[in-house]
Each structure stands twice: as structure tokens, then as C-alpha cells.
Amino acid sequence: MAVVTRDSEPGAAAGASRPAAASRLLASMAGLDWLAKIWWAFLSISLFAGLWELCWAMGWADEKLLPPPHIFLSNIAEQGRYFNTATRWQVGQSMTEGPSAFESVLITGAATTGRVFAGLVIASVLAIAVGVLVRYYRFFDRLVLPTITLLSPVSPIAWLPVAIFLFGIGNAPAIFMVVVALFFHMVLATINQIDTVNTNLINVARTMGASKAQIYGRVIVPAILPGMLQVLRMNLFGAWMVVLVAESTGVGYGMGQVIMLARNTFNPSLVFFTIAVIGVLGFTFDWLLRLAQRRILYWLPDTAERLRVL
Amino acid sequence: MSSEDAPHFSSRDAVVCRGVGKTWAAGTKRAHEALTDIDLDIKPGEFVVFLGPSGCGKSTLLYLIAGLEDATKGRVWSFGDLVETPSPQRSLIFQETSLFPWLTVWENVSFGLSIRGAGKEERRTVAAEALQRVGLKAAMDKRPDELSGGMRQRVAVARALAMRPKVLLMDEPFAALDVQTRARMQDFLLDVWRDSGASVLFVTHHIDEAVALADRVVVFTSRPGRIKTIVPIDMPRPRNLFSREAENLRIKLTDLLRDEVDRAFAEQEAFAVPA
Ligand SMILES: Nc1ncnc2c1ncn2[C@@H]1O[C@H](COP(=O)(O)OP(=O)(O)OP(=O)(O)O)[C@@H](O)[C@H]1O
Ligand SMILES: [Mg+2]
């Protein structure tokens, strides 16, 4: 690699190119690290699938009820027919027209992911804003906190009729469901995070003459950010659950509706195929969030490795 | 109390405490008297060390003087103004590290300037200067997590200095440092103090440190903290800490302190035995 570098940059002195080559080597090592991670993920999933296949081969798992991966993944084209039903079953459109099976899976997956994402963004922005306002203004605290505390234990499922009354069908009710499922908890979590900010940090800012707004903007918000992103990640799974429920009860097309369809037509292959797709989507989403987390929270040390020495 | 009626205090001293007392969680079942009857006058440019058993309210008194907490009794003035809120004139260096983990070292040091809206160039210059003084200029762009406990505390000192306070309140700032570093930090602190003309109120458990630094040592009783005695030290600086005079002072302060620590422990034992 170093040789290539020197050839491609003939002007560079050998001494100067050495550290560059070294850092490039390091970068490729980091790439290997990344590869290793994928390899382990692959191994982990293969092990799980292998066990399942084994159960099937031994005849313990009935393939009509628990079809193993090689069966439910074998006929993607077949399964794909059931995805993106909204476009497929439009009036005047035949089954052969419209997007291909693969495209349908993508469109449906994207629709559901989009709803989760939109709900998550709306819920976190609103919740952080309300949480901060509650602590910032005494009167706001007294005015809204009782209602929020009252509503937070209500199951999001109970909101489903409300979503349909208010928004009919389509994207809006599904997004609304995600927002409702997250918002109240996240407000309470924000308040809790604010209350546990290290007093010394606030006092430092106070002795330096910071105004209330400055203390909130420059101390409290950065201080609660790590906790808030953690809360967000925890709630991501809740959001995925709720969006499926919302979709399955007919407030739109999406993964939830496919699951419902599979249930009603007794199609285990389709159920597992959908589960697999949801799994991949959820995993990717969480991974992206973790990536964002590391970017935003640049100051936090990586503590995942600290117990490895034990 | 006469001081309660007087909204202004004629004394222009750096800090004036009159009848100051603090009860934490006053009016509740957990009420806890930390300080009582503190009368104290600190001249501009004076170096005063607080010495007392653990838990006697030294940190509490610094909080009251800083304006971070309200006294439950009495009043505090600074340069003739009643202390009601914190002010950049009075910088407090906390007993525990209190750097902002999301800011770099230099951003931490210049935090106070950024509050006032200073530009980046100015902030960096001031931070570099302050960090130079604590020997950490090289660590400017590091994050607090990458520093040792002692280094963090020095950054906190630099941050307080960058505010150019008139009263510097220091709560055991060098407790985490090794003996050599502490000696250097003491020398450096004396330099800064001489240059700035600020008053310094310095809490420590180390009698050596008190002898090395103080114009006056305020010795506290065990909780609730009162002023037991004030010991003036008029040894010229730089001080010879191995002189007979220094040795006598150490003995005197050790005796004063031992009485109080004994008393604090005796009280605790009395608590433990159900009456
Ligand atoms: N925020 C607080 N709330 C309630 N009680 C407190 C608080 N801070 C301190 N106290 C109590 O007040 C008393 C004095 O505490 P303070 O921290 O001032 O002691 P100190 O002299 O600084 O002790 P040390 O030398 O160990 O730091 C202690 O008994 C402590 O329990
Ligand atoms: Mg203390």
C-alpha cells in the first residue's frame, strides 16, 4: 500500500508520506474491525437460523406452522405480491401491473420506516420542548404537568380510535400513534434528566453571570442530551411496535397491514418473511441512531469496552 | 439584629459576614444546622484560609459568600453590596470537579467570556494565558475526560482566574494533588494573588497548606460551625516552612483542630447511643 502511495504521489518526500501511509493502514485496520462486526452479526444470525433449520430437518418444527428461513425466504417474489397493496389494488390496476415484488417490499418498508422516523422526530422535539418549558416556567409546570402525568400511563392502543376519528386513514394516524406512544414518557424523562443535572455545573454558570436562558441553553440542554438520546433509543422499539398496530388496524398500508393479511389468510411464510424485514429495518434504524449518537455526543468516552477486562 | 435593618453596609471590605447562619432544609423534619453566628471581615487583597473538621460548614460558608445559597440568618456583603445572587466578581472553585464535559479545556476556561459574548479569538487568547499559568497550555484542545483529576482541578483554577474575580473562593482545590504539584500550585496561587490583588478564601484540611498560604487562618468548631479562633500569620513571604515560627504555628493549629475533631466524633457517638 505504501508503495502505491509513493508511486501515485511522486512529489511527496518519502519521510512525509510515511505517516500518511501509516494512518491509511490504520484506517484499513479500522475497516477490518468493522468487517469483524459484520461477520459476528452474520454468525449470530446464522446460528439462530441454523438451529431453526435443524428443528425443521429433525421434523420437530412443522413447516406449515413454523416454516424455516430457507422456505420463507425462497419465494420472495411470491411474498412480495402481498406488499404495497395500496398501489396494487388500486381501482383499474391489474395484479401484473405496478411495482415489482421487490419494489413493493421496499416501498412498504420505506413507508413504515418513514412513519416511525416522522413520529420519533415530532415526539422528541415536542417532548424536549415541553419538558424544558415545564422546568423553565413555574406556571407552565403547574398548568400542564398534571395532565401529562395523567395521560402517560394510558396505553397507546387506547388512542387508536382517536387517531382514526381525527385523521381517518393514511400516514397521519400512524404517525400520530407513534407520537402519542412516545410523547408523554419522553416529557417525563426530559424533566427527570433536567432534575438530575449536576448542580455544580449549573452553579459554575451562575457564578459566571449566566442568565437563566443561557444556563438552559448552554448547560442544561447539552447535559441532558446523552440521557435523552438513550431515552430515544429505548423508545425506538416502542415506536416500531405501535406503528405495526396502527397499520394493522387499517389506518394505512405498511408492514403492519401485511402481518394482518398474513394472519387472516393463514400464511406463516408471509408472517416470518415480514418479521425478518421488520427485524432488518429496526436493526438498521437503531444502528443509524447509534451512529448519530456517537456523532452528537462526541465528548462521551466509549464505555462499552470497559468491562471486557474483567 | 441590627444588621437586618441596614440595607447597606458602610464597610467596603471584600467580604463582610454578620450573624450568618445556615440551616439546610429549614422548616422540615430534616432541618440541619450547618453554620451559626459567623462574623467575619475580609479585607481587599487578603488571603484567608478556612480550617475545620469535615462537615463543619466550610463549603456552606463559601456557597453563602458566593451567593449560590441564601443564608437563613444574618447577611453577607461584598464591597458594600448585599450579596443576593452570584456574581462574576466572586468566583468559586468547587470541591468536586465541575468542568463541562462537552467543551474542550480552553472552551471551559473561557466559558465566562462566552457568556458575555466575547469573540473566539479573544476567548482563545485569554484561555491560553490562564492555562499557561496552571501549566496546562498544551492540553488546551483536550476534553476534560482525557485529563487526570489534578489536571482537571487546575483547569478549574484557570477558569476561575480567567474571570478576573475580586474575591476568589477556593474549596479544597488542591486536595487531589501530589505534594510536589501542590507546592507548585501554592506558589503559583500566591503569584496570581499578588498580581491580581484579589481576596482569596481558601478551604483546606492541610495545616501545612494553611501555614504556607494564609494571612489569617479561620479555625471552625465542629458542626454547627462557628468561628473558634482566627490565627493571624505575619511571617513574611516567601515563607520558610521549616522555621521555628512555622513549626510553632503548625503545633498551635493542630491542637486547635484536634480538639474540634475529637468533639465531632464524641458527638457522633452520643448520637449513636439511643437516649
Ligand atoms: N445541599 C445540602 N443539603 C443538605 N445538607 C447539606 C448540604 N450541603 C451540606 N450539607 C450539610 O451541611 C453540613 C456542612 O457541610 P459542608 O459541605 O459545608 O461541610 P465542609 O466543612 O465543607 O466539609 P468537608 O471538609 O468534608 O468538605 C454537613 O453536615 C452536611 O451534611
Ligand atoms: Mg467541603
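Check A:Gln214, A:Gln230, A:Gln193 and return the single one that is of a type in the set (S, T, N, Q), out of contact with any Cys (no Cβ under 6 Å at 6 or more places or on another chain) and crowded, with 20+ Cβ neighbours inside 10 Å.
Result: A:Gln193 is the single residue among A:Gln214, A:Gln230, A:Gln193 that is of a type in the set (S, T, N, Q), out of contact with any Cys (no Cβ under 6 Å at 6 or more places or on another chain) and crowded, with 20+ Cβ neighbours inside 10 Å.
Please work out which residue is farthest from B:Ser91 (Cα to Cα), limiting yourself to the stretch B:189-240 and to residues that are of a type in the set (A, V, I, L, M) and within 16 Å of ligand 2 (Cβ to nearest atom).
Going residue by residue through the stretch B:189-240, those that are of a type in the set (A, V, I, L, M) are B:189-190, B:192, B:198, B:200-201, B:203, B:207, B:210-214, B:217-219, B:227, B:230-231, B:233, B:235.
Retained after the next criterion (residues that are within 16 Å of ligand 2 (Cβ to nearest atom)): B:201, B:203, B:210, B:218-219.
Numbers: B:Leu201: 10, B:Val203: 14, B:Ala210: 20, B:Val218: 20, B:Val219: 22 Å.
The qualifying residue farthest from B:Ser91 (Cα to Cα) is B:Val219.
Exactly one condition in (1) surrounded by fewer than 11 Cβ atoms within 10 Å (Cβ to Cβ); (2) at pLDDT below 85; (3) farther than 26 Å from A:Glu247 by Cβ is not met by A:Met58; state its number.
Evaluating A:Met58 over (1) surrounded by fewer than 11 Cβ atoms within 10 Å (Cβ to Cβ); (2) at pLDDT below 85; (3) farther than 26 Å from A:Glu247 by Cβ leaves (2) as the failure.
In the stretch B:57-103, how many residues are more than 16 Å from ligand 2 (Cβ to nearest atom) and not small (Gly, Ala, Ser)?
Of the stretch B:57-103, the ones more than 16 Å from ligand 2 (Cβ to nearest atom) are B:67, B:70-91, B:99-103.
Filter once more, keeping what is not small (Gly, Ala, Ser): B:70, B:72-73, B:75-77, B:79, B:81-86, B:88-90, B:99-103.
Total meeting the criteria: 21.
Scan the stretch B:223-251 for residues that are within 22 Å of the chain's Cα centre (by Cα), surrounded by 16 or more Cβ atoms within 10 Å (Cβ to Cβ) and assigned to a helix (DSSP H, G or I) and report the count.
Residues that pass the stated criteria total 1.
Which count do you get for residues in the stretch B:27-42 that are within 13 Å of ligand 1 (Cβ to nearest atom), more than 21 Å from B:Val200 (Cα to Cα) and surrounded by 14 or more Cβ atoms within 10 Å (Cβ to Cβ)?
3
Can you go through B:Lys43, B:Lys22 and tell me which one is more than 13 Å from B:Val219 (Cα to Cα), within 16 Å of ligand 2 (Cβ to nearest atom) and more than 14 Å from chain A (Cβ to nearest Cβ)? Walk me through how you get there before you give the answer.
On the way: B:Lys43 fails: within 16 Å of ligand 2 (Cβ to nearest atom).
Answer to the check: B:Lys22.
Among the numbered criteria (1) within 14 Å of chain A (Cβ to nearest Cβ); (2) over 21 Å from A:Ser211 (Cβ atoms); (3) without any contact (Cβ under 8 Å) to a residue 24 or more places away in the chain, which one does B:Arg124 miss?
(1)
Kindly establish whether B:Ala66 is of a type outside the set (D, E, K, R) and either within 16 Å of ligand 1 (Cβ to nearest atom) or in contact with a Cys (Cβ under 8 Å, 6 or more places away or on another chain) (or both). Please lay out each step first, then the result.
Details: of a type outside the set (D, E, K, R): yes; either within 16 Å of ligand 1 (Cβ to nearest atom) or in contact with a Cys (Cβ under 8 Å, 6 or more places away or on another chain) (or both): yes.
In short, yes.
Residues in the stretch A:254-310 that are without any contact (Cβ under 8 Å) to a residue 12 or more places away in the chain, of a type in the set (D, E, K, R) and more than 14 Å from every other protein chain (Cβ to nearest Cβ): how many?
3
Would you mind stating whether B:Arg164 is under 19 Å from B:Pro88 (Cα atoms), at pLDDT below 90 and charged (D, E, K, R)? Outline the logic, then answer.
On the way: under 19 Å from B:Pro88 (Cα atoms): yes; at pLDDT below 90: yes; charged (D, E, K, R): yes.
Yes; evaluated as a whole, the condition is true for this residue.
Scan B:Gly57, B:Gly67 and give me the residue that is in contact (Cβ under 8 Å) with a residue 12 or more places away in the chain, more than 14 Å from every other protein chain (Cβ to nearest Cβ), touching a Pro at 6+ places or on another chain (Cβ under 8 Å) and at positive phi.
Values: B:Gly67 fails: more than 14 Å from every other protein chain (Cβ to nearest Cβ).
Exactly one of B:Gly57, B:Gly67 is in contact (Cβ under 8 Å) with a residue 12 or more places away in the chain, more than 14 Å from every other protein chain (Cβ to nearest Cβ), touching a Pro at 6+ places or on another chain (Cβ under 8 Å) and at positive phi, namely B:Gly57.
Provide a single number: the residues in the stretch B:112-140 that are over 25 Å from B:Pro86 (Cβ atoms) and in a helix (DSSP H, G or I).
The initial filter retains those residues of the stretch B:112-140 that are over 25 Å from B:Pro86 (Cβ atoms), namely B:120-121, B:124-125, B:128, B:132, B:135-140.
Keeping just the survivors that are in a helix (DSSP H, G or I) gives B:120-121, B:124-125, B:128, B:132, B:137-139.
Residues meeting the conditions: 9.
Take the stretch B:112-121 and flag every residue that is within 13 Å of another protein chain (Cβ to nearest Cβ) and either modelled with pLDDT of 95 or more or surrounded by fewer than 18 Cβ atoms within 10 Å (Cβ to Cβ) (or both). Step through it out loud before you land on a result.
Just the residues of the stretch B:112-121 that are within 13 Å of another protein chain (Cβ to nearest Cβ), to begin with: B:112-118.
Scanning the stretch B:112-121 gives B:Arg116, B:Gly117, B:Ala118.
When you scan the stretch B:94-105, do you find a residue that is among the β-branched types (Val, Ile, Thr), within 14 Å of chain A (Cβ to nearest Cβ), assigned to a loop (DSSP other than H, G, I, E, B) and within 21 Å of B:Leu177 (Cα to Cα), even just one?
Step one: of the stretch B:94-105, the residues among the β-branched types (Val, Ile, Thr) are B:97, B:104-105.
Narrowing the set further to residues that are within 14 Å of chain A (Cβ to nearest Cβ) leaves B:97, B:104-105.
If we keep only those that are assigned to a loop (DSSP other than H, G, I, E, B) too, we end up with B:97, B:104.
Those still in the list that are within 21 Å of B:Leu177 (Cα to Cα) too: B:97.
So far as the stretch B:94-105 goes, yes, one or more of its residues are among the β-branched types (Val, Ile, Thr), within 14 Å of chain A (Cβ to nearest Cβ), assigned to a loop (DSSP other than H, G, I, E, B) and within 21 Å of B:Leu177 (Cα to Cα).
Given the conditions (1) within 30 Å of B:Asp145 (Cβ to Cβ); (2) surrounded by 22 or more Cβ atoms within 10 Å (Cβ to Cβ); (3) within 14 Å of ligand 2 (Cβ to nearest atom), which single one is not true for B:Ser54?
(2)
Which condition does A:Thr199 not pass, out of (1) within 11 Å of chain B (Cβ to nearest Cβ); (2) surrounded by 18 or more Cβ atoms within 10 Å (Cβ to Cβ), if it passes all the others?
All conditions pass for A:Thr199, except number (2).
The values are calculated or read from the model by the stated rules, or taken from the named source; none is laboratory data. Model, not experiment: these values are computed from the prediction. In this analysis, Cβ positions are derived from the backbone assuming ideal geometry, glycine residues included, and neighbour counts consider all displayed protein chains.
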